[in-house]
Amino acid sequence: MIKQQLEKLPFYNSAVLPYHYAQALVAGTRYGFPARKLRVIGVTGTNGKTTTCFMIWHMLNQAGRKTGLMTTVAYGVDKLTPELGHMTTVDAVTLNKRIKEIASKNVEFLVLEVTSHALAEFRTLGIPIEIGVFTNLTHEHLDYHKTMENYRAAKGKLFEKAAFSILNADDPATKYYQKLAKDYITYGIKNGENRPTKIELQVSGVKYLYHDMHIETQIPGEFNVYNSLAAAIVGEKLGLKKSDIESGIKSLESVEGRMNVIDEGQPFTVIVDYAHAPDALEKVFASVKGHKGRIISVHGGAGRRDPSTRPIRGEILAKNSDIVIITEDDTRDEDLEKIMNGFVEGAEGAGKVLGKDLFKEPDREKAIALALKSAKKGDLVLILGKGHEKTILRPDGPHDFEDIKVTRKLLKTTK
């Protein structure tokens with residue numbers, strides 16, 4: 001509790017930087033800087049990091065290049081271990097310990113999801129980056145970084161250390177990262193040296209042509225054009241055959257908590273996704289804009305995280321949903337009613353009426369149940385914000401909770 005109070009001080013993050021640096025140095029020394037034995041591909045950005053990492057990892061392994069993975073969702077080599085903590089790039093000690101375990105399995109590559117927090121706190125100290133990948137930069141984590149400029153600069157540390165960078169030219173931050181990168185190429189749908197053609201967005205995934213390759217994913221959404229294109233360019237840079245790139249990306253069936261369709265025979269569609277930032281929510285809704293029935297959304301906000309995004313997210317939910325249900329996320333020690341009211345403010349501003357097409361349900365399982373009960377044939381239920389996470393953080397600590405499992409259970413019991 002004392003640490004939680006200290007973290008609220010405006011200068012706290014800067015004050016503890018020497019501690020973070022020392023911890024990273026000690027951790028690297030203790031485990032012999034294990035990443036130096038591997039060819040590391042680091043992926044950073046606000047959204048798309050996890051899916052891009054999974055695509056690269058799967059593609060390399062399918063091509064016979066043994067590769068380890070460390071992401072928000074899971075870590076390992078062949079058999080992945082779920083990541084139970086609510087942290088993308090774990091602390092320096094855990095990070096080096098896990099990298100050493102991965103390196104001991106005779107792998108060639110490590111695909112590492114890298115957050116701005118990790119870069120700001122030196123957690124990746126001593127980890128050489130052969131290829132750095134940038135997905136995008138949007139409003140998030142300002143509770144920590146305070147300004148978008150600080151947030152952008154933190155992610156820039158990856159491209160300063162990467163031998164080669166792959167940058168999304170459709171994102172304005174790329175102009176900044178081009179100045180930091182030692183060597184780079186760009187990609188994008190509208191801009192960049194490497195662009196796809198003949199894009200097809202389907203419910204089952206995306207298809208497009210890239211150079212002479214036919215790229216296809218089993219994960220829907222225009223954002224997966226970006227994610228898969230970045231993965232394909234990594235494959236090209238590493239000298240993979242065209243067929244290995246195509247089959248490696250196409251054969252990845254799903255990433256837990258990322259646009260997962262939950263089908264228990266119900267007459268409506270249910271999708272679980274990790275989207276919890278404004279841009280991520282916008283992208284999810286854009287990916288389902290062709291849906292003909294009603295859209296019912298369940299979402300909430302984490303405690304002790306940037307409160308300025310709550311009314312913004314409430315507005316996005318309201319504008320894109322027929323029914324909005326605001327609920328809990330990782331409340332931590334913040335007042336849940338206050339968190340939910342931030343979303344309600346934005347939703348009401350966009351025209352939703354509390355008790356009519358806007359509801360507050362503080363219990364996440366009851367909120368999901370309400371959404372499923374409200375759904376009719378042809379509707380779409382979106383359960384957003386927690387995705388793959390295995391616990392929910394309440395004031396008294398973590399509780400077991402998985403959106404996918406809870407949703408499946410409720411669908412089976414309400415048939």
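The values are calculated or read from the model by the stated rules, or taken from the named source; none is laboratory data. From a predicted model like this one, the values you see are computed outputs, not experimental measurements. Here the Cβ positions follow ideal geometry from the backbone for every residue, glycine too, while neighbour counts run over all protein chains shown.
Inspection of the range 249-264 finds a residue satisfying the criterion of being more than 23 Å from the chain's Cα centre (by Cα), touching a residue at least 60 places away in the same chain (Cβ under 8 Å) and over 13 Å from Gly48 (Cβ atoms). Listed by position, the strands (runs of 3 or more DSSP E) inside the range 118-216 whose residues that are in the same structural domain as Leu95 (by TED's automatic domain parsing) and surrounded by 20 or more Cβ atoms within 10 Å (Cβ to Cβ) number at least 2 are 129-134, 162-168, 184-187, 205-210.
Scanning for something within 22 Å of Gly132 (Cβ to Cβ), modelled with pLDDT of 90 or more and either buried (at least 16 other Cβ atoms within 10 Å of the Cβ) or out of contact with any strand residue (DSSP E or B) (no Cβ under 6 Å at 6 or more places or on another chain) (or both), does the range 84-93 turn up at least one residue? No, because not a single residue in the range 84-93 is within 22 Å of Gly132 (Cβ to Cβ), modelled with pLDDT of 90 or more and either buried (at least 16 other Cβ atoms within 10 Å of the Cβ) or out of contact with any strand residue (DSSP E or B) (no Cβ under 6 Å at 6 or more places or on another chain) (or both).
Asn224 falls short on exactly one of the conditions (1) part of a helix (DSSP H, G or I); (2) modelled with pLDDT of 95 or more, and that condition is (2). The residue that is nearest to Ala230 (Cα to Cα), among those in the range 33-76 that are of a type in the set (Phe, Trp, Tyr) and without any contact (Cβ under 8 Å) to a residue 60 or more places away in the chain, is Trp57.
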